[in-house]
Amino acid sequence: MPTEAAELVFDEATKVYPGRDGAAVDHLSLTVPSGEICVLVGPSGGGKTTALKLVNRLIPLTSGYIRIDGTQIGDYDVTELRRSIGYVIQQVGLFPHMTVEANIGTVPRLLGWERSRIRERVGELLELVGLDPEQDRRRFPAELSGGQRQRVGLARALAANPALMLMDEPFGAIDPIVRARLQDEFLRLQGELRKTVVFVTHDVDEAIKLGDRIAILREGGRLAQYDTPQRILEHPVDEFVADFVGRDRALKALALRTLGELELVPAGRDGGDGLPRLGADANLRDALALLIAERRDALLVVGADGSPVGVARRRDLIG
Ligand SMILES: Nc1ncnc2c1ncn2[C@@H]1O[C@H](COP(=O)(O)OP(=O)(O)OP(=O)(O)O)[C@@H](O)[C@H]1O
Ligand SMILES: [Mg+2]
């Protein structure tokens with residue numbers, strides 16, 4: 001198995017559960033480039049969890065292929081395959097009778113790491129996911145909040161530095177504030193670690209925030225669209241996708257662009273005096289909200305030092 005972030009390819013991957021009508025995953029083809037986050041979304045029963053379990057061979061393919069760095073998953077030793085894939089399962093799935101340290105150390109222990117190395121790695125990972133390396137390692141899952149448990153689940157999946165991460169609704173049952181913080185921390189971590197990640201969620205906003213690309217599955221595990229968040233919001237391929245991303249998709253798309261990306265009008269001789277001001281890193285949705293709130297048609301875009309960069313008109317934002 002590769003030890004660096006790997007490319008993951010689904011090639012006509014199909015799963016039909018015995019004794020059930022229709023496929024759970026139907027001729028799924030998509031490539032997750034190495035180091036990217038692919039978010040899988042779709043209706044309940046759409047085959048998201050099945051797609052993840054096909055990758056680590058918890059479920060056998062009915063037909064088609066899945067390749068990791070060009071090698072079919074069936075050609076890897078199954079134990080080695082699973083150990084080099086970090087898996088965060090739906091509902092966290094920590095071992096309740098084991099401490100946080102023992103939970104995180106599961107795969108390293110199976111790999112035969114020395115105790116001192118495991119202890120050190122657990123400290124490093126707790127630090128990484130924002131828990132206390134001294135105090136929290138001795139706790140049991142029941143002594144943690146939902147958000148803390150999710151962090152331990154993430155640390156456990158990262159423990160042996162996997163080539164690939166499969167994350168099944170990892171921030172599922174968490175209040176919106178903690179969830180937003182976990183998302184931010186996950187993105188910061190990903191900036192450092194650059195793993196190849198397949199991330200399942202029900203939440204379209206989470207998909208837009210986290211995904212380099214989003215794969216939308218429809219009923220029966222058929223791929224509806226696989227594209228960047230921007231492309232999905234601006235060019236949904238059909239009604240199903242448009243409905244799925246929501247009526248406010250135009251606003252969501254605005255939130256993905258910044259004022260700095262616009263062609264601005266020069267500020268003119270008065271330097272844009274009297275116009276509302278926003279930084280070049282502000283997004284177009286916030287810019288539009290400001291114009292509406294202030295009942296204005298234009299705003300002055302300023303650089304980090306407050307100096308004028310140019311003027312953005314309302315029609316430039318929504319054009
Ligand atoms: N072990 C199994 N045996 C038979 N059918 C199964 C099995 N696991 C899942 N299914 C069926 O396959 C389909 C896809 O299920 P899956 O769990 O992959 O969906 P999901 O997209 O993860 O749903 P959710 O969003 O609710 O987690 C469903 O119709 C489900 O009932
Ligand atoms: Mg599922």
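Brief remarks on what is shown
- Residue 207 vs. criteria among the small types (Gly, Ala, Ser) and more than 16 Å from ligand 1 (Cβ to nearest atom): no
- Leading residue by the ranking (nearest to residue 118 (Cα to Cα)) among those in segment 151-173 that are within 16 Å of ligand 1 (Cβ to nearest atom) and open to solvent by 20 Å² or more (accessible area, probe 1.4 Å): 169
- Residue check, residue 155 within 17 Å of the chain's Cα centre (by Cα), at pLDDT below 90 and away from ligand 2 (no atom under 16 Å from the Cβ): yes
So that you can scan it fast, the table gives a plain yes or no per residue for (1) assigned by TED's automatic domain parsing to the domain that holds residue 208; (2) loosely packed, with under 15 Cβ neighbours inside 10 Å; (3) assigned to a loop (DSSP other than H, G, I, E, B):
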site	(1), (2), (3)
269	no, yes, yes
274	no, yes, yes
278	no, no, no
285	no, no, no
292	no, yes, no
296	no, yes, yes
299	no, no, no
305	no, yes, yes
312	no, no, no
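- Odd one out for residue 202, checked against (1) within 16 Å of ligand 2 (Cβ to nearest atom); (2) open to solvent by 50 Å² or more (accessible area, probe 1.4 Å); (3) more than 19 Å from the chain's Cα centre (by Cα): (3)
- Top-ranked residue in segment 29-48 [being open to solvent by 30 Å² or more (accessible area, probe 1.4 Å) and modelled with pLDDT of 95 or more; ranked as farthest from residue 3 (Cα to Cα)]: 29
Per-residue answers, yes or no, for (1) in the same structural domain as residue 277 (by TED's automatic domain parsing); (2) under 21 Å from residue 36 (Cα atoms); (3) touching a strand residue (DSSP E or B) at 6+ places or on another chain (Cβ under 9 Å); (4) modelled with pLDDT of 95 or more:
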| residue | (1), (2), (3), (4) |
| --- | --- |
| 199 | no, yes, yes, yes |
| 202 | no, yes, yes, no |
| 208 | no, yes, yes, no |
| 219 | no, no, no, no |
| 222 | no, no, yes, yes |
| 227 | no, yes, yes, yes |
| 246 | no, no, no, no |
| 249 | no, no, no, no |
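- Some residue of segment 76-83 being more than 9 Å from ligand 1 (Cβ to nearest atom), surrounded by 15 or more Cβ atoms within 10 Å (Cβ to Cβ) and of a type in the set (Asp, Glu): no
- Per-region count, segment 6-28, residues outside any strand (DSSP E or B) and crowded, with 21+ Cβ neighbours inside 10 Å: 2
- In segment 29-52, of all residues being over 16 Å from residue 196 (Cα atoms), within 14 Å of ligand 2 (Cβ to nearest atom) and not in a loop (DSSP other than H, G, I, E, B), the one that is farthest from the chain's Cα centre (by Cα) corresponds to 50.
- Answer residue from segment 248-267, given it is in contact with a helix residue (DSSP H, G or I) (Cβ under 7 Å, 6 or more places away or on another chain) and under 15 Å from residue 205 (Cβ atoms) and is surrounded by the fewest Cβ atoms within 10 Å (Cβ to Cβ) among those: 251
- Evaluation of residue 21 against (1) acidic (Asp, Glu); (2) within 24 Å of residue 227 (Cβ to Cβ); (3) within 12 Å of ligand 1 (Cβ to nearest atom) (one fails), failing number: (2)
- Residues that are part of a helix (DSSP H, G or I) and modelled with pLDDT under 90, drawn from segment 126-140: 127, 128
- Condition met for residue 239 (away from ligand 2 (no atom under 16 Å from the Cβ) and more than 21 Å from residue 46 (Cα to Cα)): no
- Selected residue (only one of 268, 260, 272 is without any contact (Cβ under 8 Å) to a residue 60 or more places away in the chain and closer than 13 Å to residue 316 by Cβ): 260
- Restricting segment 53-67 to residues that are outside any loop (DSSP other than H, G, I, E, B) and within 17 Å of residue 166 (Cα to Cα) leaves a set whose member that is farthest from ligand 2 (Cβ to nearest atom) is 67.
- A count restricted to segment 205-222 and to residues that are over 18 Å from the mean Cα position of the chain (by Cα) and crowded, with 20+ Cβ neighbours inside 10 Å stands at 1.
The values are calculated or read from the model by the stated rules, or taken from the named source; none is laboratory data. Small disclaimer: the values here were computed from a predicted structure and weren't measured. Every residue, glycine among them, receives a Cβ derived from its backbone with ideal geometry; neighbour counts consider all protein chains shown. The area values use the complete protein model at the heavy-atom level, side chains included, leaving out ligands, DNA and RNA. Shrake-Rupley method; radii C 1.70, N 1.55, O 1.52, S 1.80 Å.
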